[in-house]
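This report concerns only the one structure given below.
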Amino acid sequence: MARPVTLFTAQFSDLPFDELCALASDCGYDGLELATFGGYLDIEKAAKSAKYCDTLLKKLDKYGLKLWAISNHFAGQLVCDLNCDARSDGFAPAQYAGNAEAKRAWGIRCMKASAKAARNLGVDVVTGFTGSPIWHLFYSFPPVDPGDIENGYRYFAEKFNPILDEYEKHGIRFALEVHPTEIAFDLFSAERALEAVGGRKEFGFNFDPSHLFWQGVDPVKFIKRFPDRIYHCHIEDAAVELDGESGILASHLNFGDPRRGWDFRSPGHGQIDFEAIIRTFNQIGYAGPLSVEWEDCGMDRKFGARDACSFVRELDFQPSQQSFDGVFKR
């Protein structure tokens, strides 16, 4: 059975919900990875009201769409982030703007509610972020004491274990998108994050190869290191274009600026070896969604959404049920 192909709604969150559903259906997607951005999903209401969830599911069904996962990236970011500037004020209700701990408390409450919301919506995975109290220490100057890093992982565990208790209670898994600014942003930091929460099964990863690739981390090696922790997958591409002037840290240049040393691409238009990823998924038995996270400043997004769906459909193949030379043994 082919893996479901879904569209992550984040980059389309300015569209009216019906327009987005119609677009996804017309492009050929099986469903959505429904994010809270854009007001499409009220997590706290979904946690409390079965009627609200039923109405949402019926709306999706009207367009022939299903849910396999929901996203609460913004609330998750607030849990461990320093929350010390205005950049994250828009992640929480306006009354919490400028108040780091109020934003954090709201984020924790919503991340806990996400588990029950997922159960009410009939899905078993919530994708999202964790934030990080130590991301700003990624370069060790002024020198960083190893104890400061250790304390950062302790803080993450202190904040997220009570959240994960709710996930355990409701039979839901949390899939952290391994990503810069999160407690896990590459292979080794992902190992450390798992260790910090005691390896509990409620905590795994939303595998997105684009964030690994531009850092120089082999996405296939990441899958092989965590074969039982890949709970969800984003299909997102990237291209590294270092020309002797650009740098891998991107020089404070915005996405889409041709001077950047790397940038995101629509799936199939970058440099990631997606066939190798699918082959490795077949080896580990990953049968979950292939969720298109579309980000490409050089391409019209509606064209990109349709093109990406076609790319993923052609990309996805199942493992062989026999060896190629098995016919000679008959």
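Sort 174-186, 45-57 for me by packing, meaning the mean count of neighbouring Cβ atoms within 10 Å per residue, highest on top.
Per-residue mean Cβ counts within 10 Å order the peptides as 174-186, 45-57.
Taking Cα pairs under 8 Å and at least six residues apart, what relative contact order does the stretch 1-98 come out at, in percent?
About 25 percent, as a whole number.
Find how much the distance from L242 to E44 grows on full extension, using 0.36 nm per residue of separation minus their present alpha carbon separation; answer in nm with one decimal.
66.8 nm
Given an 8 Å cut-off on Cα distances and at least 6 residues of separation, report the relative contact order of the stretch 244-304 as a percent.
32 percent
Could you point to the label whose value was computed as semi-axes √(5λ) of the Cα gyration tensor in Å for the structure here, given [x] 31, 22, 22; [y] 29, 24, 18; [z] 29, 26, 22?
[z]
Quick one: accessible area per residue over the stretch 69-170, 1.4 Å probe, rounded to a whole number of Å²?
46 Å²
Per residue, what accessible area does the stretch 238-293 have, given a 1.4 Å probe and all protein chains present, in Å²?
About 51 Å² of surface per residue is accessible.
In nanometres, what is the gap between the two model label sites at R154 and A97, each 7 Å from Cα along Cα-to-Cβ?
A separation of 3.6 nm, rounded to one decimal place.
What distance in nm lies between label points placed 7 Å from Cα along the C-beta direction at D61 and H136?
4.9 nm
Could you order the peptides 99-112, 214-227 from most to least packed, using the average number of other C-beta atoms within 10 Å per residue?
Top to bottom by mean Cβ count within 10 Å: 99-112, 214-227.
What is the extension gain from S323 to C297, computed as 0.36 nm multiplied by their sequence separation minus the C-alpha to C-alpha distance, in nm to one decimal?
5.1 nm
In whole percent, how big is the carbon plus sulfur part of the accessible area of the chain, probe 1.4 Å, protein atoms only?
53 percent
The values are calculated or read from the model by the stated rules, or taken from the named source; none is laboratory data. Everything numeric in this text was worked out from a predicted model, so none of it was measured. Methodologically, a virtual Cβ is constructed for each residue, glycine included, from the backbone with ideal geometry; neighbour enumeration extends over all protein chains shown. What goes into the accessible areas is simple: the full protein's heavy atoms, side chains included, and nothing from ligands, DNA or RNA. Shrake-Rupley method; radii C 1.70, N 1.55, O 1.52, S 1.80 Å.
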